[in-house]
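Asks: Please see the structure below; I have some questions.
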Amino acid sequence: MKSKTFLLPLLLVFVFASSCQRTDNQKINDWAIAIHGGAGAMTPDNYTQDEIDGYKVELNAALNIGVTILKDGGSSLDAVEQVVRYLEDCPLFNAGRGAVFTNDGKNELDAAIMFGKDLTAGAVAGVGDIKNPILAARKVMENSPHVLMVGKGASLFALQNGVEIVDSSYFFTDTSYRDLQRSLERDKKMGTVGCVALDIEGNLAAATSTGGMTNKRYGRVGDVPIIGAGTYANNSTCAVSATGHGEFFIRYTVAHDISALMEYKGLSLAKASDEVVQKKLVDVGGEGGIIAVDKWGNVHLSFNSLGMFRGYATENGESKVKIF
Ligand code: ASP
């Protein structure tokens, strides 16, 4: 029994961590990008082939938006914003249009964006009428002296800054509502979305957006808009976007912890990410995963759940989208 408990985390590292890495700290890609669409207890038998294909089509479309921006010499900030915006508009994912419901049948969305060049960041939390929370987060970053704005104040600020406001019925989707009715943990909708990117200027950026967790208590805020927990970018290390059980990601400051292991201990992106996701979080039962890109263009995706909607692409031509 003891040996099985010991072996499990090792097995997870082996099976669920995928990356394209070189460890000699040289630039291997002038640009690189990774995306996620949430992590959780998904297995191939939970989905029809059509559903799997549908997810992959959307993940590829999102990835291509980012790749096109980066290949054209665009900024990582624009890439992560536009990728996340696309995924917010897709009802398959738990962000924007497809956001899950709170216990009292509402949608409260969180989003954050961070630029690794100057450590500027913007986030909104608990908003129920902003069509694309990631656009509002960027406005907070660029047009206000603040980092995090919540609820009505965030919506008013978004409106004043030209971000589209919608009726709350926009966020109603049958699947999210059914998930709430079931209110069963194992049936909860996966699908927080995120993107990290390195551009040819050497700037890193991260963006994450979510409806939170199905059946969450109203007023609950997760890790996504907490800079350093679910979202972090720093040009001297890496950019990270997380998905999973937010309370653990907040308490273990997951995204910043990965950056700190690189900065203070000199760990590679893969080692730092797996230390946090496959060891620290596994030890305490914190289910979920991360996507990360470092300043050299290494990409690493690590999760301790059964699946994570994910993909990545790099300058050297690698491109993959996976779920399980
Ligand atoms: N991390 C998100 C939250 O706790 C949920 C998720 O990623 O599935 O709000």
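So that you can scan it fast, the table gives a plain yes or no per residue for (1) within 16 Å of the ligand (Cβ to nearest atom); (2) touching an Asp or Glu at 6+ places or on another chain (Cβ under 7 Å):
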{"position": "279", "(1), (2)": "no, no"}
{"position": "286", "(1), (2)": "yes, no"}
{"position": "293", "(1), (2)": "no, no"}
{"position": "298", "(1), (2)": "no, no"}
{"position": "304", "(1), (2)": "yes, yes"}
{"position": "308", "(1), (2)": "yes, no"}
{"position": "313", "(1), (2)": "no, no"}
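Asks: With the checklist (1) over 17 Å from residue 118 (Cβ atoms); (2) within 16 Å of the ligand (Cβ to nearest atom); (3) of a type outside the set (Gly, Ala, Ser); (4) modelled with pLDDT of 95 or more in hand, flag the one item residue 261 doesn't pass.
Replies: Single failed check for residue 261: (2).
Asks: Now, a different point. Return yes or no: is residue 46 at positive phi and modelled with pLDDT under 90?
Replies: no
Asks: Report, ordered by the first and then the second residue, all pairs with beta carbons closer than 8 Å, sequence separation of six or more or different chains, a first member in the stretch 295-307 that is at positive phi, and a second member that is open to solvent by 10 Å² or more (accessible area, probe 1.4 Å) and not charged (D, E, K, R).
Replies: As it stands, the answer is 297/28; 297/31, since those pairs meet every condition given.
Asks: Being assigned to a helix (DSSP H, G or I), among the small types (Gly, Ala, Ser) and within 17 Å of the chain's Cα centre (by Cα) narrows it down to one of 239, 272, 255, so name that one.
Replies: 255
Asks: Filter the stretch 205-222 down to the residues that are open to solvent by 10 Å² or more (accessible area, probe 1.4 Å) and of a type in the set (A, V, I, L, M, F, W, C), then identify the one that is farthest from the ligand (Cβ to nearest atom).
Replies: Top of the filtered list is 221.
Asks: Which of the residues belonging to the stretch 235-258 are away from the ligand (no atom under 16 Å from the Cβ) and surrounded by 24 or more Cβ atoms within 10 Å (Cβ to Cβ)?
Replies: Once the filter is applied, which keeps residues that are away from the ligand (no atom under 16 Å from the Cβ) and surrounded by 24 or more Cβ atoms within 10 Å (Cβ to Cβ), the stretch 235-258 yields 237, 238, 239.
Quick grid of which residues meet (1) open to solvent by 60 Å² or more (accessible area, probe 1.4 Å); (2) of a type in the set (Val, Ile, Thr); (3) assigned to a loop (DSSP other than H, G, I, E, B); (4) touching a His at 6+ places or on another chain (Cβ under 7 Å):
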site	(1), (2), (3), (4)
286	no, no, yes, yes
300	no, no, no, no
305	no, no, yes, no
312	no, no, no, no
316	yes, no, yes, no
320	yes, no, no, no
324	yes, no, yes, no
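Asks: In addition: Suppose the filter is at pLDDT below 95, touching a Lys or Arg at 6+ places or on another chain (Cβ under 8 Å) and farther than 21 Å from residue 161 by Cα; does residue 105 pass it? Spell out how you get there, then give the answer.
Replies: Values: at pLDDT below 95: yes; touching a Lys or Arg at 6+ places or on another chain (Cβ under 8 Å): no; farther than 21 Å from residue 161 by Cα: yes.
In short, no.
Asks: Just give me the residues in the stretch 56-80 being surrounded by fewer than 22 Cβ atoms within 10 Å (Cβ to Cβ) and either over 12 Å from residue 311 (Cβ atoms) or modelled with pLDDT under 95 (or both), in sequence order.
Replies: Within the stretch 56-80, 68, 71, 72, 73, 74, 75, 78 meet the criteria.
Asks: Which fully enclosed strands (runs of 3 or more DSSP E) of the stretch 97-204 have 2 or more residues being open to solvent by less than 10 Å² (accessible area, probe 1.4 Å) and of a type in the set (A, V, I, L, M, F, W, C)?
Replies: The qualifying strands (runs of 3 or more DSSP E) are 109-115, 120-127, 193-198.
Asks: Six or more apart or on different chains, Cβ under 7 Å: which pairs go from a residue in the stretch 108-129 that's at positive phi to one that's surrounded by fewer than 21 Cβ atoms within 10 Å (Cβ to Cβ)? Could you list them?
Replies: That search, which allows pairs on different chains as well, returns 126/150; 126/151; 126/219; 126/221.
The values are calculated or read from the model by the stated rules, or taken from the named source; none is laboratory data. Just so it is clear, the model here is predicted, and its values are computed rather than measured. Here the Cβ is made from the backbone with ideal geometry for all residues, glycine too, and neighbour counts use every protein chain on show. Ligands, DNA and RNA are stripped out before the accessible areas are found, and what is left, the full protein with its side chains, is counted by its heavy atoms. Shrake-Rupley method; radii C 1.70, N 1.55, O 1.52, S 1.80 Å.
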